[in-house]
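The structure appears below as structure tokens.
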Amino acid sequence: MASSIFDLARAEWEKKGAPLAWRMRPRKLDEMVGQEEVIGPGRLLRRAIEADRLTSLILYGPPGSGKTTLAEVIAATTRARFVRLSAVTAGVPDIRRVIKEAEDALARFQQRTILLIDEIHRFNKAQQDALLPAVERGTLVLIGATTENPYFSVNSALLSRSRLVRLRPLTAEEVKIVVQRALEDRERGLGEYAVEITPEALEHLAQGARGDARVALNALELAVLGAAQEADGRRRITLALAEDALQQRAVLYDRQGDAHYDVVSAFIKSLRGSDPDAALHYLARMLVAGEDARFIARRMVILAAEDIGLADPQALLIATAAAQAVEYVGLPEAELPLAQAAIYLACAPKSNSVLKALSRAKKDVTEGNIGVVPPHLRDGHYAGAARLGHGVGYQYPHDFPGHWVAQQYLPDALRHARYYEPSSSGWEGRRRGRQQRKDSSS
């Protein structure tokens with residue numbers, strides 16, 4: 001009886017006393033918002049959960065993306081024993097106890113055990129190694145949740161025996177759905193308060209949460225409980241109230257409107273104009289407003305080739321590395337590689353010679369000025385090529401001093417064309433004289 005009373009008390013607390021983010025956790029797959037690419041209808045993971053045929057998983061994603069929620073949904077769906085451990089408080093003895101209980105349940109009742117370890121990246125090598133035999137034998141099914149890159153924080157042996165599931169941050173539109181559900185739900189949410197939220201306040205909560213549903217719900221609850229009840233019995237959540245609850249001012253930045261294009265334009269022009277302070281200012285405005293980091297990275301990659309080019313060939317590598325960092329570590333950590341790349345690009349010497357060279361070459365091609373490939377440059381590796389004159393007379397540059405020899409490469413009709421004109425900046429400025437000497441020799 002005591003256990004039953006305890007369970008009822010816990011259920012009542014979770015219904016009304018627990019934080020809103022806890023109360024609003026989905027209880028089944030259909031209630032989950034986002035991650036359709038992982039748990040959408042027909043996806044392998046969803047089918048495994050619904051069929052109760054789950055294998056070990058490592059759930060990797062930023063805070064608020066749904067790792068623990070997905071584990072709780074699995075717990076509510078499965079017929080297996082479901083055990084939770086936190087890597088913050090559990091040690092090797094706790095792991096051994098769970099494994100022993102799992103062995104007993106399997107031997108006596110043919111019942112599987114699913115073990116959820118939250119923040120599994122906090123386990124050291126010895127603790128993770130203690131799990132290996134049980135996971136490998138199938139004594140228990142492991143679900144490890146982590147915000148850290150599992151390739152760095154989880155033993156490779158354990159990772160190889162688990163399926164890695166990467167969860168992305170929720171989009172702003174998905175966060176809006178979570179917030180609206182909480183406002184309408186009278187049983188677990190805030191429906192009894194008759195809340196009215198302005199579009200600006202909803203947008204601010206969705207953008208300011210940065211993909212973390214928990215942040216949005218915590219701020220929403222604070223705003224609702226702090227809002228005065230008006231004469232008509234409603235509580236109105238304004239932008240000012242949402243800013244106060246989120247402790248973050250709204251940034252004038254509409255991702256679909258003029259502010260978006262104006263700030264992006266100013267960012268690119270600041271990079272092109274070699275002003276690192278202005279570039280950082282506009283970068284910060286975009287990041288704080290929730291701009292897609294991939295979009296920012298793509299623009300910097302383009303600028304590195306278009307406006308810096310061969311004045312500093314390293315610039316394209318730096319910009320590409322920042323774009324890879326966005327994919328590899330995600331926000332907010334990827335903000336630093338983006339800032340580093342922005343400063344480098346702004347400070348790099350500038351040249352648009354690559355852009356000009358390609359434009360000139362494309363102009364000739366589109367206007368039909370192409371000519372034929374000179375015979376000595378044609379493929380000479382097949383039988384009979386020499387009789388056609390293909391490859392005959394080709395001079396192999398590595399056979400000559402400096403690994404260069406003057407010979408014709410362009411078609412006859414374009415033999416005097418000059419597309420690439422090196423600037424006097426940076427790397428290509430230092431090589432300009434050498435290139436011009438080659439041009440005059442040919």
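Every read-out reported here was derived from the displayed coordinates using simple, explicitly stated rules and does not represent laboratory data. What you are looking at is a predicted structure, and each value in this text was computed from that prediction instead of being measured. Note that each Cβ is placed from the backbone with ideal geometry, even for glycine, and that neighbours are counted across all protein chains shown.
Cross-link reach is defined here as a Cα-Cα straight distance under 18 Å, omitting same-chain residues fewer than 8 places apart; for Lys362 the aspartates and glutamates meeting it are Glu306, Asp412, Glu421. In segment 124-279, taking the dipole from charged Cβ atoms about the Cα centre, the farthest positive-side position among Ala227, Ala145, Leu183 is held by Ala145. Near the amide H of Ile58, within less than 5 Å, lie the amide hydrogens of Gly144, Arg163, Leu164, Val165, all on another chain or at least 5 residues away, with H placed in the peptide plane. Looking at the square roots a ≥ b ≥ c of the eigenvalues of the Cα gyration tensor of segment 365-441, which shape do they give, rounded for a/c under 1.5, prolate if a/b is larger than b/c, or oblate? Because a/c hits 1.5 or more and a/b fails to exceed b/c, segment 365-441 counts as oblate. Computed about the Cα centre, the dipole magnitude for the chain is approximately 1420 debye when only Lys and Arg (+1) and Asp and Glu (-1) carry charge, each at its Cβ.
Of the residues Ala342, Val392, Ser156, the one whose Cα sits farthest towards the positive end of the charge dipole of the chain is Val392 (charges of +1 on Lys and Arg Cβ, -1 on Asp and Glu Cβ, taken about the Cα centre).
Ordering Leu59, His204, Phe267 by Cα displacement along the dipole of the chain toward the positive end leaves Leu59 in first place; charges were set at the Cβ atoms of Lys, Arg (+1) and Asp, Glu (-1).
3J(HN,Hα) along segment 211-228: x, 9, 4, 5, 4, 4, 5, 5, 5, 4, 4, 4, 5, 5, 5, x, 7, 6 Hz, from the Karplus curve 6.51 cos²θ - 1.76 cosθ + 1.60 with θ = phi - 60°, whole Hz, x for Gly and Pro. 3J(HN,Hα) along segment 183-190: 6, 8, 6, 7, 7, 10, x, 10 Hz, from the Karplus curve 6.51 cos²θ - 1.76 cosθ + 1.60 with θ = phi - 60°, whole Hz, x for Gly and Pro. Among the DSSP beta bridges whose two residues both lie in the chain, what percent are antiparallel, rounded to the nearest 5? Taking every DSSP beta bridge within the chain, about 5 percent pair in antiparallel fashion. Computed from Cα positions, the angle between helix 125-137 and the longest principal axis of the chain comes to roughly 80 degrees. Which aspartates and glutamates have a Cα less than 13 Å from the Cα of Lys176, not counting those fewer than 8 places away in the same chain? Here the aspartates and glutamates satisfying the reach criterion relative to Lys176 are Glu184, Glu200, Glu203, Asp212. Sorting the segments 369-376, 418-425, 342-349 by their residues' average number of neighbouring beta-carbon atoms within 10 angstrom, most packed first, yields 342-349, 418-425, 369-376. Taking a Cβ cut-off of under 12 Å around Leu29, the surrounding Lys, Arg, Asp and Glu residues balance to a net charge of 0, with basic ones at +1 and acidic ones at -1.
The listed peptides 64-71, 382-389, 125-132, ordered by packing as a protection proxy, come out as 64-71, 125-132, 382-389 (highest mean of other Cβ atoms within 10 Å first). Amide H contacts for Phe82 (H built 1.01 Å from N in the peptide plane; partners 5 or more residues away or on another chain; cut-off under 5 Å): Ile114. Using θ = phi - 60° in the Karplus curve 6.51 cos²θ - 1.76 cosθ + 1.60, the 3J(HN,Hα) couplings for segment 403-410 round to 6, 8, 9, 6, 7, 7, 10, 6 Hz; x is entered for Gly and Pro. Go ahead and collect, in residue order, the members of segment 271-307 whose backbone nitrogen is under 20 Å from a label point 7 Å along the Cα-Cβ direction of Leu355. Output list for this probe position: 271-280, 282-283, 295-307. Count Lys and Arg as plus one, Asp and Glu as minus one, and take only other residues whose Cβ is under 14 Å from that of Thr89; the net charge is then 0. Net charge of the neighbourhood of Tyr394, taken over other residues with C-beta under 15 Å away and scored Lys/Arg +1, Asp/Glu -1, is -1. Between helix 314-329 and the chain there is an angle of about 20 degrees, using the helix long axis and the longest principal axis of the Cα atoms.
Put simply, the amide H of Gly211, placed in the peptide plane, has no neighbours under 5 Å, leaving out anything fewer than 5 places away on its chain. Packing here is the average count of other Cβ atoms within 10 Å per residue, and on that basis the peptides 401-407, 57-63, highest first, run 57-63, 401-407.
Evaluated with a Cβ-only charge set (Lys, Arg +1; Asp, Glu -1), segment 365-441 carries a dipole of roughly 280 debye about its Cα centre, given to the nearest 20. Remark: the Cα gyration tensor places segment 35-166 in the oblate category, a/c being 1.5 or greater and a/b not exceeding b/c.
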